[in-house]
Structure formats: structure tokens, C-alpha cells
1. Need the failing condition index for Met1 against (1) surrounded by fewer than 12 Cβ atoms within 10 Å (Cβ to Cβ); (2) without any contact (Cβ under 8 Å) to a residue 12 or more places away in the chain, just the number.
2. Quick one: count up the residues across the range 28-56 that are over 21 Å from Ser102 (Cβ atoms), in a loop (DSSP other than H, G, I, E, B) and free of Cβ contacts under 8 Å to residues at least 24 places away in the same chain.
3. Tell me whether the range 107-127 contains one or more residues that are open to solvent by 60 Å² or more (accessible area, probe 1.4 Å), at pLDDT below 85 and among the basic types (Lys, Arg).
4. Give just the number: which of (1) assigned to a strand (DSSP E or B); (2) buried (at least 16 other Cβ atoms within 10 Å of the Cβ) does Ala93 not satisfy?
5. So if I check each of Lys14, Lys62, Lys41, Lys58, which one is under 22 Å from Tyr127 (Cα atoms), surrounded by fewer than 16 Cβ atoms within 10 Å (Cβ to Cβ) and either within 17 Å of the chain's Cα centre (by Cα) or of a type in the set (Lys, Arg) (or both)?
Amino acid sequence: MNITEVRVKLTEGKNRLQAFCSITIDDDFVVRDLKVIEGHKGAFVAMPSRKLTDRCPKCGGKNHLMAQYCNDCGAKLNEKRASRGAGKLKLHADTAHPINSSCRELIQEKVLAAFSEEVENSKKPGYKPPKYEDIEDVDYDDLRDDLESEKSDT
């Protein structure tokens, strides 16, 4: 596997989320929405994920597992419907991820190197961030929720 391109979009502010990234593999396959997050032991790359949902027993509407009430009908939902994995609530599922440690290390190495380079470039006068169309459709409320749950997972 050869990572042929890494695109980085730095975030603004002083939060743990440092950047969004996409990687291109062998000039053929793109993985979007990787995140560079500042953890307790330094920056790391979080794989793209989606919130896990279930259906309301009353109306069948989809709701995030931490929702207390149904988004569609307003019915109270059972608070203990999220499954536990290794003692933690499982609220998100990776949509793409490496299946071995060498692949994870390769992705992390390439993404963090591109991130560091972008941070350095951002300090230069006249810096203009690169185009990164993928970031336009991001729901920032969902990202805030994702980061809060990642913080509680660590």
C-alpha cells in the first residue's frame, strides 16, 4: 500500500481537534474524514466513524444511542440500550480502519507528517489554506459530540 496524497485542513480554536484529513491510496482510493486529535500523549489520527443508532420501539425512528427521547415522536427511550465493549459504551463504529498495526503506523506517520508540514506553512506570512472541499459538509455539532465521547473513552 502506498499513500500517494494526504490533504490536511487545520481547524481553528484551541480544542483537541487539530485537523481533518483525507488520504489517497495508490492514486485509486480515497479515505475522508480522518481527524488529528491532540491526546494526552501527543497527536494521534482517529479513523472516520459514524454514530451508532437504534430504532424507537414506538415509531421506528432512528436515534443516537445516547438520545433520551425519540427525535421523531418524543417518546422516552431506554437509557441502557447502548452495548458495552471492554467496559466502555460503544457509541461509534469505524467506517474505515486499518486491520493491522503496520498499516495503522503507516497512516499515522504520513498523516502526522503532513499535519506538521501544514502547521509550519500556516505560520508563514500570506498563508492560504489548501482547498479541501470535503470539510464543507461537516456537521460541527456532531463533531463536538464525537470529540466529547472520544474524550470520555480515553
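1. With (1) surrounded by fewer than 12 Cβ atoms within 10 Å (Cβ to Cβ); (2) without any contact (Cβ under 8 Å) to a residue 12 or more places away in the chain applied to Met1, the lone miss is (2).
2. Residues flagged as over 21 Å from Ser102 (Cβ atoms), in a loop (DSSP other than H, G, I, E, B) and free of Cβ contacts under 8 Å to residues at least 24 places away in the same chain within the range 28-56 amount to 1.
3. Checked against the condition, which is being open to solvent by 60 Å² or more (accessible area, probe 1.4 Å), at pLDDT below 85 and among the basic types (Lys, Arg), the range 107-127 yields no hits at all.
4. Evaluating Ala93 over (1) assigned to a strand (DSSP E or B); (2) buried (at least 16 other Cβ atoms within 10 Å of the Cβ) leaves (2) as the failure.
5. On the way: Lys62 fails: under 22 Å from Tyr127 (Cα atoms); Lys41 fails: under 22 Å from Tyr127 (Cα atoms); Lys58 fails: under 22 Å from Tyr127 (Cα atoms).
Being under 22 Å from Tyr127 (Cα atoms), surrounded by fewer than 16 Cβ atoms within 10 Å (Cβ to Cβ) and either within 17 Å of the chain's Cα centre (by Cα) or of a type in the set (Lys, Arg) (or both) holds for just one of Lys14, Lys62, Lys41, Lys58, which is Lys14.
The values are calculated or read from the model by the stated rules, or taken from the named source; none is laboratory data. Since the structure is predicted, the reported quantities are computational estimates derived from the model, not experimental observations. Please note: Cβ atoms are built from the backbone with ideal geometry, for glycine as well, and neighbour counts cover all protein chains shown. Each accessible area value is taken on the protein alone, full model and side chains, heavy atoms only, with ligands, DNA and RNA left out. Shrake-Rupley method; radii C 1.70, N 1.55, O 1.52, S 1.80 Å.
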